[in-house]
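K.L.:
I have a structure I would like to understand better, so I am pasting it below and will then ask my questions one at a time.
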Amino acid sequence: MRPSTEPQPLSAPVDLAPDPIIRFQNVSKNWGSNQVLKSLNFEVAPGEKVSIIGPSGSGKTTILRILMTLETPSEGLVKVDGDTLWDVSPGQKVRETKQMRETRRKIGMVFQQFNLFPHMTAMENIIEAPIHVLGMNKAEAKERAAELLNLVGLGKHMNHTPPQMSGGQQQRVAIARALAMRPKVLLFDEPTSALDPELIGEVLNVIRNLAHTTDMTMLMVTHEMRFAEEISDRVVMFDNGAAVESGPPAQIFKDPQQERTRTFLRAVLQH
Amino acid sequence: MIWDNNFAVSVIPLLLEGLWVTIKITLLGTTLAAALGLFFAILRRLAIPVLSLVVSFFVVFVRGTPLLVQAYCAFFVLPAYGISFDAFTTGVVVIGVNYSAYMAEVYRSGIQGVPKGQWEAATALSLPSVRTWGRIILPQAVRTVVPMLGNYLIQMFKDSAVLSAITVVELMATAQAIGSSSFRYLEPLTLAALLFLAVSYPASRLVNRLERRYAPQH
Amino acid sequence: MSAVIDYAPLLWQGLLTTILVAVLSGALCLVVAFAAGLARLSSHRFISWPAGVFIEVFRGTSLLVQMFWLFFALPFFGIQLHPLTAAVLALGLNEGAYAAEVVRGAIASRAKGQTEACIALGMEPALRLRRIIIPQSIPAMLPPFGNVMVDLLKNTSLVSLVTVADLTFRAQMIRSSTGQTTAIFLTILVLYFVLSYLLTLLTSWLERRFALDRRALAAQRKDSKMMKVGAA
């Protein structure tokens, strides 16, 4: 079931709205004196497909990296599926906890640079974590990996290693690898930015397919505006470490309310 | 008591004398290695039919055999043919020649690192080859050579202990002599180790810093 | 030349001892390299700091001093090592300290993205190292490891100074009893040279064997074979 994209009436009883699967509460991130995120409040509903757009350096990738625990917030609370991922007060030194490791199991990530393991075949890349992290037996993992490779249209490439594949193929394997861990939330960090233009389509097709056929929550940072408009339930415009505007794609792209959104879209849609 | 402090203090002056000999060997040896290495590198680069091949083989052979055995050869074999120096000179020559084989490789990669366009530009300007080498190629090659030279200097400082086997009285031989005459090895050997460390650790820190400063900019 | 032929059995025994010392200390060197190199990378200071001290001390002092210390100074603590043990320990620890820096450097230079991918897949640090980071770093480690091993082989000659009867020790014996210096020393120079050359060959064979693209080619051959089978 996909959540309604209609704005909830203010009078709606609170318990009818689904509990958010991702919740950022007053989250800040500083790099020295540079504030990448400024006391961000941000929620994503279960199953929601959200695209994050904005100029580079606006902090949009930082959101994904904090969710994946690749970066530590300077302060704030982050909850995923009801569990606390981060709870940081200013100046606190944070250590990785068991709870953090368990919570992040619910999240998968697709990287801009694919980050496939170059010494392993496509198949080995996919079965590695299910076997060694989830403890799945090898036959089952291979069977599932074969299904996933078919899903991304690479059934015939399972014995190829990353150097033998095109960027588009590598990224599709990376998506299959992330799916093999059955995440509740899948993060996409500019999944097509490192690709040659003619290879972007094949990757977008796979993501589109996922968006339309699964109830997985998807959070995507992208520069592909048309694509974001097509597959998203909601689009969030980021600038300068803060969410400037958030709404259904039709509203953001056709009738943006904020001047900053208008100038950004004018600039990127011009060519 | 295992460690005799009075004894340890009493042998320090002797050990420092040994250290000074070690340092002299290192400085002279490095100078010889740097000069000879450059000579070998240029000879190989010039591709003179037989000579370049001989030099190449010599370099590989020296790198493939132990310093200790080379030292024995110079110390025991050469006098049989009427060539003999005192132990110190023999030591400096042996370690200098040994390291020149390594230095030749360093120069070679440094020379190779100079872009081909530099040679072509020199040719286009009709520069004579001595001028090309001296003013164009080598000054640029030296950038990559300087930090490596530092590394080999430190390595040689430690390796020179091997020369104690051919009766060069440097730090290691001094420590050993104190040990065998007093039947106490612990203090002189421990102090010798500490003296080696006291010189080589700060020196390698310094070279690391040099390395970063001289890192190729392209 | 006659001395070389007369004493060939002695030289042969010396050669075997040299190879034994090289193999034993080479094995110790590898263990030390990974233990100290990985410990150096640990984020726990009480693991990385001792590893750092070990590496700097063993790299900062002479191998010969270390060997003599184990042989002559350790007895003052009531520990009397067999000469071969002292020799292998000193060689293994000394060259291991150099090789530890190779391990540390190769692993530290692994692309950050690989570690991030592992985290995203829920892989714990130990699993990351064992399955992903170390296997990928092997090709980068091999050439410098080869250099360390050639150094180790040449440095086995120092064990003759603590009375281990290796090739150099035997040559010295034969020299003092026959006075035939030139032939003996030239012979063992050539023997050492052949050994280091063989080590170089071994290293480059391993390099080809472990190269990443080599695995890719092997996988491709498997593919085309399967396709042929499918077509038949």
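The values are calculated or read from the model by the stated rules, or taken from the named source; none is laboratory data. None of these values were measured; they are calculated from a predicted model. Positions of Cβ are generated from backbone atoms using ideal geometry, with glycine treated the same way; all protein chains shown enter the neighbour counts. For accessibility, only protein heavy atoms count, side chains too; no ligands or nucleic acids. Shrake-Rupley method; radii C 1.70, N 1.55, O 1.52, S 1.80 Å.
K.L.:
Could you please find all residues in the range B:169-205 being open to solvent by less than 50 Å² (accessible area, probe 1.4 Å), in a helix (DSSP H, G or I) and facing another protein chain (nearest Cβ under 8 Å)?
P.N.:
Scanning the range B:169-205 gives B:Met172, B:Ala175, B:Gly179, B:Leu186, B:Leu189, B:Thr190, B:Ala192, B:Ala193, B:Phe196, B:Leu197, B:Ser200, B:Ser204.
K.L.:
Exactly one of these conditions fails for B:Val106: (1) buried (at least 21 other Cβ atoms within 10 Å of the Cβ); (2) within 11 Å of chain C (Cβ to nearest Cβ). Give me its number.
P.N.:
Looking at each condition in turn, B:Val106 falls short on (2).
K.L.:
Which numbered condition in (1) open to solvent by 20 Å² or more (accessible area, probe 1.4 Å); (2) away from chain C (no Cβ under 14 Å); (3) out of contact with any Gly (no Cβ under 9 Å at 6 or more places or on another chain) is the only one that A:Glu202 fails?
P.N.:
Every listed condition holds for A:Glu202 apart from (3).
K.L.:
Now a separate question. Residues in the range C:146-153: is at least one within 8 Å of another protein chain (Cβ to nearest Cβ) and not in a helix (DSSP H, G or I)?
P.N.:
Among the residues of the range C:146-153, not one is within 8 Å of another protein chain (Cβ to nearest Cβ) and not in a helix (DSSP H, G or I), which makes the answer no.
K.L.:
Does any residue of the range A:219-234 turn out to be outside any helix (DSSP H, G or I), buried (at least 23 other Cβ atoms within 10 Å of the Cβ) and β-branched (Val, Ile, Thr)? Outline the logic, then answer.
P.N.:
If we filter the range A:219-234 for residues that are outside any helix (DSSP H, G or I), which is where we start, we get A:219-224, A:232-234.
Cutting the leftovers down to buried (at least 23 other Cβ atoms within 10 Å of the Cβ) gives us A:219-221, A:232.
Those left that are additionally β-branched (Val, Ile, Thr): A:221.
Yes - at least one qualifying residue is present in the range A:219-234.
K.L.:
If you check C:Phe68, C:Phe54, which single one turns out to be facing chain B (nearest Cβ under 8 Å) and either among the aromatic types (Phe, Trp, Tyr) or open to solvent by less than 20 Å² (accessible area, probe 1.4 Å) (or both)?
P.N.:
On the way: C:Phe54 fails: facing chain B (nearest Cβ under 8 Å).
Unique residue meeting the criteria: C:Phe68.
K.L.:
When you go through C:Gly122, C:Gly146 one by one, which is the residue that is buried (at least 16 other Cβ atoms within 10 Å of the Cβ) and farther than 30 Å from C:Thr18 by Cα?
P.N.:
C:Gly122
K.L.:
A further question on this structure: Of the residues B:Ile166, B:Ile111, which single one is open to solvent by less than 50 Å² (accessible area, probe 1.4 Å) and within 14 Å of chain C (Cβ to nearest Cβ)?
P.N.:
Unique residue meeting the criteria: B:Ile166.
For (1) open to solvent by less than 40 Å² (accessible area, probe 1.4 Å); (2) of a type in the set (A, V, I, L, M), each residue gets a yes or a no:
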{"position": "A:Thr69", "(1), (2)": "yes, no"}
{"position": "A:Asp83", "(1), (2)": "no, no"}
{"position": "A:Thr103", "(1), (2)": "yes, no"}
{"position": "A:Val110", "(1), (2)": "yes, yes"}
{"position": "A:Val133", "(1), (2)": "yes, yes"}
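K.L.:
A further question follows. Looking at B:Glu17, is it surrounded by fewer than 20 Cβ atoms within 10 Å (Cβ to Cβ), out of contact with any Pro (no Cβ under 6 Å at 6 or more places or on another chain), within 14 Å of another protein chain (Cβ to nearest Cβ) and touching a residue at least 24 places away in the same chain (Cβ under 8 Å)?
P.N.:
Answer is no for this residue.
K.L.:
Here's something else I'd like to know. Which of the residues that make up the range B:62-77 are touching a residue at least 40 places away in the same chain (Cβ under 8 Å), at the interface with another protein chain (Cβ under 8 Å from one of its Cβ atoms) and among the hydrophobic types (A, V, I, L, M, F, W, C)?
P.N.:
B:Leu67, B:Leu68
K.L.:
Tell me, please, whether a residue that is in contact with a Gly (Cβ under 9 Å, 6 or more places away or on another chain), more than 12 Å from chain C (Cβ to nearest Cβ), in a helix (DSSP H, G or I) and modelled with pLDDT under 95 can be found in the range A:183-196.
P.N.:
Checked against the condition, which is being in contact with a Gly (Cβ under 9 Å, 6 or more places away or on another chain), more than 12 Å from chain C (Cβ to nearest Cβ), in a helix (DSSP H, G or I) and modelled with pLDDT under 95, the range A:183-196 yields no hits at all.
K.L.:
Any idea which residue in the range B:18-56 is nearest to B:Ala173 (Cα to Cα), counting only those that are among the aliphatic types (A, V, I, L, M) and within 10 Å of the chain's Cα centre (by Cα)?
P.N.:
Looking at residues that are among the aliphatic types (A, V, I, L, M) and within 10 Å of the chain's Cα centre (by Cα), I get B:Ile25.
K.L.:
Could you count how many residues in the range A:127-154 are more than 10 Å from chain C (Cβ to nearest Cβ), touching a residue at least 12 places away in the same chain (Cβ under 8 Å), assigned to a helix (DSSP H, G or I) and among the aliphatic types (A, V, I, L, M)?
P.N.:
Result for the range A:127-154: 7.
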